[in-house]
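Enquirer: Would you mind keeping the following structure in view while I ask a few things?
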Amino acid sequence: MIEATHILKSFGTVEVLKGVDFRASAGEVVAIMGASGAGKSTLLQILGTLLTPDSGSLIIDGTDVLALRGNALAAFRGRRIGFVFQAHHLLPEFTALENVMIPALIGGTGTREARRQADDLLHLVGLGGRATHKPSELSGGEQQRVAIARALINSPAILFADEPTGNLDTRTKDEIHQLLLDVRKEKGQTVVVVTHDAGLAQLCDRTCFLEDGAWK
């Protein structure tokens with residue numbers, strides 16, 4: 001599903017990624033761990049097509065994504081990739097249901113179908129009874145569940161998560177960890193998660209350790 005080869009990335013004179021290779025199979029859950037500054041989030045952003053490497057190749061689901069530009073890249077990202085970040089990035093003026101619907105509407109799905117899909121996903125993440133609540137009326141864990149549902153609305157092939165439980169208490173972390181695994185079981189997505197949480201890493205199929213821009 002993901003095949004990245006010899007990924008190099010520098011910011012100014014700082015070499016952040018030093019020829020990193022990465023592969024993930026369809027339906028696999030992979031954790032990327034390492035100290036702060038090791039290059040984990042930079043690698044995740046490159047794999048997720050949010051950042052362009054200085055050199056290297058990146059094939060996602062058979063597509064050479066580094067050859068895509070502009071609207072073509074944005075369309076591929078919208079169809080094939082979902083993102084969950086430490087900060088929920090929910091729009092405060094919209095309800096949970098509306099927040100989940102937005103990527104589907106942007107992608108051209110009709111309002112009625114987008115509403116149906118969003119409602120199904122909110123039930124999947126355990127928030128069927130909170131659809132009409134705005135983010136300020138939801139707990140941190142509930143907001144993250146909405147963010148996961150939003151990331152899944154366009155049925156992406158890959159879900160990228162960057163410290164998805166970094167701001168949550170222990171009990172809520174455990175619930176979100178299990179939810180990510182349940183999502184893989186239910187939807188079949190490949191999941192790549194950057195985390196400092198050893199508990200989450202232990203639940204994944206495989207864990208990779210990054211140190212100073214290279215695999216340890």
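The values are calculated or read from the model by the stated rules, or taken from the named source; none is laboratory data. Please read these numbers as outputs of a predicted model, since none were measured by experiment. Heads up, the Cβs are rebuilt from the backbone with ideal geometry, glycines too, and the neighbour counts pull from every protein chain shown. With ligands, DNA and RNA removed, areas are computed over all heavy atoms of the protein, side chains included. Shrake-Rupley method; radii C 1.70, N 1.55, O 1.52, S 1.80 Å.
Enquirer: Working only within region 119-129, note down all residues that are in contact (Cβ under 8 Å) with a residue 12 or more places away in the chain and surrounded by fewer than 19 Cβ atoms within 10 Å (Cβ to Cβ).
Expert: Asp119, Leu124, Gly126
Enquirer: Which ones in region 1-32 are assigned to a loop (DSSP other than H, G, I, E, B) and surrounded by 16 or more Cβ atoms within 10 Å (Cβ to Cβ)?
Expert: Met1, Glu28
Enquirer: Another question about this same structure. What residue, of Arg77, Arg116, is closer than 23 Å to Val183 by Cα, within 16 Å of the chain's Cα centre (by Cα) and open to solvent by 50 Å² or more (accessible area, probe 1.4 Å)?
Expert: Arg77
Enquirer: Show the residue pairs that are 6+ apart or on different chains and have beta-carbon atoms under 6 Å apart, the first residue being within region 92-103 and under 8 Å from Ile153 (Cβ atoms), the second being in a loop (DSSP other than H, G, I, E, B) and open to solvent by less than 20 Å² (accessible area, probe 1.4 Å).
Expert: Val100/Ile153; Pro103/Ile153
Enquirer: Let me spell it out: the conditions are (1) open to solvent by 70 Å² or more (accessible area, probe 1.4 Å); (2) in contact with a strand residue (DSSP E or B) (Cβ under 9 Å, 6 or more places away or on another chain), and Thr42 meets all of them except one. Which number is the exception?
Expert: It fails just one condition, (1).
Enquirer: If I ask for residues that are free of Cβ contacts under 8 Å to residues at least 24 places away in the same chain and among the small types (Gly, Ala, Ser), which ones from region 104-118 would you list?
Expert: Listed by number, the residues that qualify are Gly108, Gly110.
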